[in-house]
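See structure below.
The values are calculated or read from the model by the stated rules, or taken from the named source; none is laboratory data. Since this is a predicted model, take the numbers as computed values, not measurements. With ideal geometry, Cβ positions are generated from the backbone for all residues, glycine too; neighbour counts draw on all protein chains shown. Calculation scope for accessible area: heavy atoms of the full protein, side chains included, ligands and nucleic acids excluded. Shrake-Rupley method; radii C 1.70, N 1.55, O 1.52, S 1.80 Å.
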Amino acid sequence: MNLKSGQKARKCFSGLDIKRQFSLLILFLIISALSIFPVAASAGQESQEKITTPEAFFGFQLGADQKIARWDKIVEYFNLLEKESPRIKVINMGPTTMGHPFLLVIISSPENLADLERIKEINRKISDPRQVPPEEIPLLISQGKAIVCQSMSLHADEIGGTQMSPELAYDLLSRNDAETLRILENVVFLLIPSFNPDGQIMVTDWYYKTLGTEYEGTSPPYLYHKYAGHDNNRDGDFLNLQESTYAARILYQEWKPQAYVDHHHMGSYGARLYVPPYCDPIRPYADPLLWRELSWFGGHIAYRLEEAGKTGIINDAMFPGWGHFGWHWITPFHNIVGMLTESASARIASPLFIQPDQLRAESLQFPAYEAQSNFPHPWEGGWWRLRDIVEQQKISAWAVLDLAARHRETLLYNAYLKAARQTERGASEKPRAFLIPAEQHDRLTAIKLVNTLLQSGIEIHRLTSELQIDGVIYPAGSFLVSLAQPKRGLIMNLLNRTLYPDNYWTRSRDGNPQRPYDLATHTMAEFMGVRVDPLDDLPEARLEPMSGPVKVSGQVRAGAAGYRLDGRLNDSFTAVSLLLDNKIQVLRADLKTEELNPGDFLIAQAPAQVLESIAARTGVDFQPLNSLPAEGTHRVRRLRVGLYQRYYTGNADEGWTRLLLEKFDLPYVTIMDADIKSGQLAKKIDLLILPADSTAMIMGEGQESSSRRRANYPPEYRSGLGQDGLDRLKEFINRGGVLVCLGAAGDFAVEKLGLRLRNVVVELDPKEFFCPGSTLKATIDNFNPLAYGLPEKALVLFFSSPAYEILPGNDSEKYRVVVRYAERELLQSGWLIGEQYLSKKAAMVEAAYGQGQVILIGLRAQHRAQTHGTFKLLFNTFIR
């Protein structure tokens, strides 16, 4: 109120009684307030008139029964909103795996959107304050904005988040109440409307294809991500998928938000919605303040849901703080408050009726479906609809923005504290650094490890001169990762030995171990077979900071007898495959000489331009070959590879194996049941890979794989070899074909092909034997052609894996063990109960079968395209 307004007020109020003076004062203050914000008020009215509502655009309320907005229309709507409102910026990050747009939608005040680069720079300094004088931090916090990222429907059949996002955006653009304006002023909201656009389109199209049929409400019969299916949220560390690289740019590199929420669905017959915090156990090395922030955000979300009358909300249960390294579980180690919501599912977009006595709990810290402190208001059953999911997820998403807006400065100060404290821990606690030697068994894989760490925003330095520590010489070009940096917790989990807890939180009341949510370890260096040395003290060394990924380009140097490729390099298999594409003869060494190791590839002659192109593409050096051995070599064959694919929502291990083969330019064809049953398989392929799967799923037998699932899918989308397919498969192998069984698919070969093998762990009680996703020590017969190029001792991933012994019989000579578990002290990282059952047992076996061969790779040699250290066990089966 200005001075003249005050004088007018005093004149108006004189001569009136106190009650009337008070009433007039209130009215005057309201009028004065409106006069202060005339632009905002008119802008709000104008905004309401101009902005198209979701219902008007899509033709139905989002979340309505039997309606789904398709991704192309959602993209169109967000582009329209950008034209209609100054509060939104739409960025197409690039094409998805299958070529659709991957959107980042930024919503904030027009002033903030005009100043994004400055806001981003302030946030960068707060989240890594090592180069910022402490006295400057308060000013940065006062000028900064809270950065919040939320992603939707990573799992494509969990459609609620993506259907909700246009409504959430519309509300933020059209509303002008105090709460909305506070969010827009104080928060930069990074919205990923769909983390999996390809899958969103698949699910939408499948839903409408089956709408009105008995198959309505089912998930697609194939993977709803081209390669990963449901596993696409297990890629926040290795970043193998195209969509993951976009998310990493947003979360790890460019924006580094204070808070991140990943909105999901879960099963239908329990709580209606899970919200933070996670329950126990928690993964080590995150800053303790982060776990408090999770409770803070989760409490506010739960409060806003309860305030809105939503029932069946649970927190601090079901989902532990030690999970896989997908997005919401890895972000805490980037000092981001990484959160998860999980809505009870409907039947995609079709409603589901649930009887009260069908509701169940029986989950972590949720022992019974009844009121408890973290579940005070149970849902009583009835119809459950997609619209219910949309509403509860929108309230949850809004609550996160609301808390960030109300406590902007606290959030920014917390971000500074976490970064500073983690840096201090890294400087004072042991180990203080990790050194990645330039000399490795597979140097190109070590470079891939370094480049992946860089994508995660980890600071790495490179030695510019030789360094000696305790008698160990590290050549120039080795990499130093100091732990005195904000992402110390992430580094420790990826590079250091990790042991899963065996305690109250990880065992049931009867003493049975409870399976971790995913693997028991995610030690990247161990998966990749890369040597990483922990250092208790930071060395005095000449270093240069790495400003970008290491770029590799191989050299071509001819010798008197031609060229040699190092058989230890995974990328040598790509080079050989490209050479064979160019009709160039390749030999392989079978004996060790002064110049060669078993498995090295030899090329007598080839056009220089072809070799230079392949070297540049793969990074593999064509080294000089001085003499060609008179014996102990053989000509390389590349077998024609088939990869078995089934329906029933697909098999993620098959998808990841496809991705791996494509990444290494190794050709294959997809094989379906009909191809096998035709009896003509040998005309297409020489070798068939069965991805990890149960015998029942491969055969199409049993209640779980057949009776229940077949009823949910049209006949043309039902899988299983059946007896006819099994007979044709036996004929294929007997006549010279090769069958490669990955992981649990080995049990199929043992049972159905009558192999003289026994899986020694399959029937053991969990109290006797338990090994959920752990790295174990193994010895490898690297003079066996199937193990060429591997070290004699290595770490392998055991995850739902068989372990074999060869049973006595008259044909034992037909079996050879390729990989065997160590005798004792097997566990490197993870959790192992009952190591005696694995001691010296076979992890990989080859068996002669008629004129053909069956190869059982029980360890997870190519798991999620992550276990680089054992890729060659698969590659050697068909490059031989």
Legend entry - Residues of the range 202-238 satisfying the condition of being of a type in the set (A, V, I, L, M) and either open to solvent by 10 Å² or more (accessible area, probe 1.4 Å) or over 26 Å from residue 523 (Cα atoms) (or both): 202, 203, 211, 223
Inset, instruction - Can you run down the residue pairs with Cβ atoms below 6 Å, 6 or more apart or on separate chains, where the first is in the range 711-738 and over 24 Å from residue 851 (Cβ atoms) and modelled with pLDDT of 95 or more and the partner is open to solvent by 60 Å² or more (accessible area, probe 1.4 Å) and among the aliphatic types (A, V, I, L, M)? - result: none
Legend entry - Unmet criterion (only one of (1) within 24 Å of the chain's Cα centre (by Cα); (2) open to solvent by less than 10 Å² (accessible area, probe 1.4 Å)) for residue 405: (1)
Inset, instruction - Pairs only if they're at least six apart or on different chains, beta carbon under 6 angstrom, first in the range 575-598 and modelled with pLDDT of 95 or more, second open to solvent by less than 80 Å² (accessible area, probe 1.4 Å) and polar (S, T, N, Q); list them, first residue then second. - result: 575/618; 587/633; 589/633
Inset, instruction - Answer yes if at least one residue in the range 379-386 is touching a Gly at 6+ places or on another chain (Cβ under 9 Å) and part of a helix (DSSP H, G or I), and no otherwise. - result: yes
Inset, instruction - Just give me the residues in the range 755-779 being of a type outside the set (Gly, Ala, Ser), touching a Leu at 6+ places or on another chain (Cβ under 6 Å) and either assigned to a loop (DSSP other than H, G, I, E, B) or free of Cβ contacts under 8 Å to residues at least 40 places away in the same chain (or both), in sequence order. - result: 756, 771
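Here is a yes/no grid of residues against (1) in a loop (DSSP other than H, G, I, E, B); (2) touching a strand residue (DSSP E or B) at 6+ places or on another chain (Cβ under 8 Å); (3) buried (at least 24 other Cβ atoms within 10 Å of the Cβ); (4) β-branched (Val, Ile, Thr):
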site	(1), (2), (3), (4)
790	yes, yes, yes, no
794	no, yes, no, no
801	yes, yes, yes, no
808	yes, no, no, no
828	no, yes, no, no
846	no, yes, no, no
864	no, no, yes, no
873	no, yes, yes, no
876	no, no, no, no
Inset, instruction - Please report, ordered by residue number, the strands (runs of 3 or more DSSP E) entirely within the range 253-358 with at least 1 residues that are among the charged types (D, E, K, R). - result: 259-266, 279-282, 337-344
Legend entry - Residue within the range 305-321 that is closer than 23 Å to residue 413 by Cα and touching a helix residue (DSSP H, G or I) at 6+ places or on another chain (Cβ under 8 Å) present: no
Legend entry - Count of residues meeting criterion [open to solvent by less than 70 Å² (accessible area, probe 1.4 Å) and not in a helix (DSSP H, G or I)] in the range 111-124: 1
Inset, instruction - Quick one: which residue in 289, 241, 305 is in contact (Cβ under 8 Å) with a residue 60 or more places away in the chain, surrounded by fewer than 21 Cβ atoms within 10 Å (Cβ to Cβ) and not β-branched (Val, Ile, Thr)? - result: 289
Legend entry - Qualifying residue in the range 813-822 (condition: within 31 Å of the chain's Cα centre (by Cα), modelled with pLDDT of 95 or more and among the charged types (D, E, K, R)): yes
Inset, instruction - Count, please, the residues in the range 62-98 that happen to be without any contact (Cβ under 8 Å) to a residue 24 or more places away in the chain and closer than 19 Å to residue 249 by Cα. - result: 3
Inset, instruction - Please name all residue pairs, on different chains or six or more residues apart, with Cβ atoms under 8 Å, provided the first residue is in the range 617-637 and is assigned to a loop (DSSP other than H, G, I, E, B) and the second residue is of a type in the set (Ser, Thr, Tyr). - result: 619/553; 620/572; 620/574; 629/593; 632/593
Legend entry - Enumerated strands (runs of 3 or more DSSP E) restricted to the range 500-602, each holding at least 3 residues that are surrounded by fewer than 22 Cβ atoms within 10 Å (Cβ to Cβ): 533-535, 543-545
Legend entry - Count - residues of the range 317-346 that are open to solvent by 10 Å² or more (accessible area, probe 1.4 Å) and touching a Ser or Thr at 6+ places or on another chain (Cβ under 8 Å): 5
Legend entry - Residues being assigned to a helix (DSSP H, G or I) and either of a type in the set (Ser, Thr, Tyr) or touching a Cys at 6+ places or on another chain (Cβ under 9 Å) (or both) - total across the range 643-669: 1
Inset, instruction - Would you be able to say whether some residue in the range 125-144 is touching a strand residue (DSSP E or B) at 6+ places or on another chain (Cβ under 6 Å) and in a loop (DSSP other than H, G, I, E, B)? - result: no
Legend entry - One residue from 426, 457, 471 being touching a residue at least 12 places away in the same chain (Cβ under 8 Å) and on the phi > 0 side of the Ramachandran plot: 457
Inset, instruction - Could you give me the residue pairs with C-beta distances under 8 Å whose first residue belongs to the range 814-832 and is on the phi > 0 side of the Ramachandran plot, whose second residue is surrounded by fewer than 19 Cβ atoms within 10 Å (Cβ to Cβ) and of a type outside the set (Gly, Ala, Ser) wherever it lies, and which are 6+ apart or on separate chains? - result: 825/777; 825/835; 830/499
